[in-house]
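Please treat every number below as a calculation from the coordinates, not as lab data. Keep in mind the model is a prediction, meaning the values are calculated, not measured. Note: ideal-geometry Cβ built from the backbone for every residue, glycine included; neighbour counts use all protein chains shown.
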Amino acid sequence: MVVIDECHRSAANGSLRREIATLRTYVAHNLDIESRRDLKMLAFAHRWFKEACGSGTPRETAHYGACCTVLANRLRAALEGAIAACDAIDDPIDGPRLVADLKSRVDLMWEAHRFDPLVEACAVRLGNPGLDLLAIRRKHLDAWRQALAAADEHDRERALTLRIEAALLDAIGDALPLTAKQASQRLAIDGPNAIAAALLLLRDARRFGATPLPEIIERVSAKLTASENGAISTTEF
């Protein structure tokens, strides 16, 4: 079981694959130091090379030889782990249980598109169909998969919905401040009360970071009800 867990962790976090992909990008492309993403790649590559061959920037044949040896050892360890996992699965006693466990884990490793209906439904509920939902999904995909895998089997949809709603609220909050006209266009809702409610909800979501979304909604609804016959005072929050 330990072997299976180790192989699953390696596959789940994709560390070896990301290492190789980042190193390949570093070697094959001219990275832009003005790009935050490229700077992270540069920093990772220099740290990796320093640990592998003693030089942040390999220059000598011996440096590249040492780096290749490190990669080869990592690949060998991964293959040996995969072979050991296959042997464990073939075991007549533990095999069926391990297969069932692996199937459960694979079922929870959702393809990216399976999150889209939940993301779209959350966006509609929050009144924000104008967001770039695909970009948000790409940014949070790994975190959502982790949340899905960690949640209790009877609470997975709720746990995932909470994560998705938080991501959407963050995306809207990052776009503020907006004018009333811009808010109306982005939030796709009509009426001054609806716009104010949405903006107050977003502001409170940022202010009360630990407050559950239902409680924030109750606060906003209470203020809207109290101000139904007059202008909403945002200073009351």
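Read phi for every residue in the range 73-82 and hand back ³J(HN,Hα) as whole Hz from Karplus 6.51 cos²θ - 1.76 cosθ + 1.60, θ = phi - 60°, with x for Gly and Pro.
For the range 73-82, the Karplus-derived couplings read 5, 5, 5, 4, 4, 5, 5, 5, x, 5 Hz, x marking Gly and Pro.
Using the number of other C-beta atoms within 10 angstrom as an exposure proxy, rank Trp144, Trp48 with the fewest first.
Trp48, Trp144
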